[in-house]
Amino acid sequence: MQDQINKYIDEVKGFATETADELEAFRIKFLGKKGILRGLYSDLKEVSADQKRDLGQAINALRQAADEKLQEIKDSMESQSTVQGQFGDLSRPGNPLHVGSRHPISIVKNRIIEIFSRIGFNVSEGPEIEDDWHNFTALNLPEYHPARDMQDTFFIQTDPDILLRTHTSSVQVRYMENNQPPIRTISPGRVYRNEAISARSHCFFHQVEGLYIDKDVSFADLKQTLQYFTTELFGKSKIRLRPSYFPFTEPSAEVDVYWGLETETDYRMTKGTGWLEIMGCGMVDPNVLENCGIDSKEYSGFAFGMGIDRIALLLHQISDIRMLSENDIRFLQQFKGSL
């Protein structure tokens, strides 16, 4: 009897099928009311007492093997049925695809890069954690220079020479140190300043700064470049340059674009003047060129810088700069379809 039970166990373990009918026949054969297991339990009554324990354990092992095999094949069939139900029916509607969207900062940044790439500007990048030389000193801001107070800086506490960059001009310094003119590059990136957070300002934001160094570069070249840029980005061709001060450019200017006064929003944004400040610019100071190893007697150049966040607020009529960094999905979904 023991040998017969072992044969049944081997038969159960080797059983395989892909049809429900064969599986039902297997169940009836071993687990049915007139099945093999019911007969073995009946025969167990006639076995001597010294063999009953071992044979009982063997029958229980057979029953467990039959139950496990039955459940295993059932699970396999249900899994295949689910897959076929999902993917086998070609008339079944497809699952909806949730399309993501670009962040408004990325949309504006990519647009600015694309505009300047048409006139030969490449893209340069640098570290957000900078040293004093690249962020200040090389840019004509030596230690204790009063203009350093124009930017409230985040310094690394353990090393006063290391800081979070306050502008991407530090990238331009690194680029000039490693490349000889002609240079034509823009430097987009995130910058940090220790400012109070409000609807109009944040302690971190994004900039794009441009640099052009070559022989006989003039202020007229700068103005024409900015004229082209504002026309392409805003669709506004009227600009003005107001004298200003930046330590690393001389002469320096603020750039305004004429936004117009067609709507109530235009009046609010421009404070009723129609003019909107968008960036600062100027001719690169000769000291900056010399600090970066470029002969200021042979080469000249211009630089400009603008805040991507502010331009994004203008183009997309966003009222609060904090919305750009809060990652509210309801806000971000509004930019689906934008490139």
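The values are calculated or read from the model by the stated rules, or taken from the named source; none is laboratory data. For clarity, every value in this text was computed on a predicted model and none was experimentally measured. Every residue, glycine as well, gets a Cβ built from its backbone with ideal geometry; the counts of neighbours run over all protein chains shown.
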Would you mind finding the one in Leu55, Leu62 that is assigned by TED's automatic domain parsing to the domain that holds Lys13, surrounded by 15 or more Cβ atoms within 10 Å (Cβ to Cβ), free of Cβ contacts under 8 Å to residues at least 60 places away in the same chain and out of contact with any Phe, Trp or Tyr (no Cβ under 7 Å at 6 or more places or on another chain)?
-> Leu55
Does the range 171-182 include one or more residues that are touching a strand residue (DSSP E or B) at 6+ places or on another chain (Cβ under 7 Å), in a loop (DSSP other than H, G, I, E, B), assigned by TED's automatic domain parsing to the domain that holds Leu289 and β-branched (Val, Ile, Thr)?
-> no
Arg310 touching a strand residue (DSSP E or B) at 6+ places or on another chain (Cβ under 9 Å), in contact (Cβ under 8 Å) with a residue 24 or more places away in the chain and surrounded by 12 or more Cβ atoms within 10 Å (Cβ to Cβ) | yes
List the number of the failed condition for Ile119; all other conditions in (1) hydrophobic (A, V, I, L, M, F, W, C); (2) surrounded by 18 or more Cβ atoms within 10 Å (Cβ to Cβ); (3) more than 17 Å from Ile308 (Cα to Cα) hold.
-> (2)
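If the requirement is being without any contact (Cβ under 8 Å) to a residue 24 or more places away in the chain, surrounded by 10 or more Cβ atoms within 10 Å (Cβ to Cβ), outside the structural domain of Asp328 (by TED's automatic domain parsing) and of a type in the set (Gly, Ala, Ser), which of these qualifies: Gly35, Gly94?
On the way: Gly94 fails: surrounded by 10 or more Cβ atoms within 10 Å (Cβ to Cβ).
So the residue among Gly35, Gly94 that is without any contact (Cβ under 8 Å) to a residue 24 or more places away in the chain, surrounded by 10 or more Cβ atoms within 10 Å (Cβ to Cβ), outside the structural domain of Asp328 (by TED's automatic domain parsing) and of a type in the set (Gly, Ala, Ser) is Gly35.
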Quick one: how many residues across the range 218-246 are in contact (Cβ under 8 Å) with a residue 12 or more places away in the chain and either aliphatic (A, V, I, L, M) or closer than 23 Å to Asn110 by Cβ (or both)?
-> 13
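Which residues, counting only those in the range 124-152, are within 25 Å of Pro251 (Cα to Cα), surrounded by 15 or more Cβ atoms within 10 Å (Cβ to Cβ) and modelled with pLDDT of 80 or more?
Ser124, Asp132, His134, Asn135, Phe136, Thr137, Ala138, Leu139, Asn140, Leu141
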Any hit, the range 305-323, residues being at pLDDT below 95 and either in contact with a Ser or Thr (Cβ under 6 Å, 6 or more places away or on another chain) or aromatic (Phe, Trp, Tyr) (or both) = no
Of all residues in the range 183-212, which are under 19 Å from Phe229 (Cβ atoms) and either not assigned by TED's automatic domain parsing to the domain that holds Asn135 or not polar (S, T, N, Q) (or both)?
-> Ile183, Arg184, Ile186, Pro188, Gly189, His206, Val208, Glu209, Gly210, Leu211, Tyr212
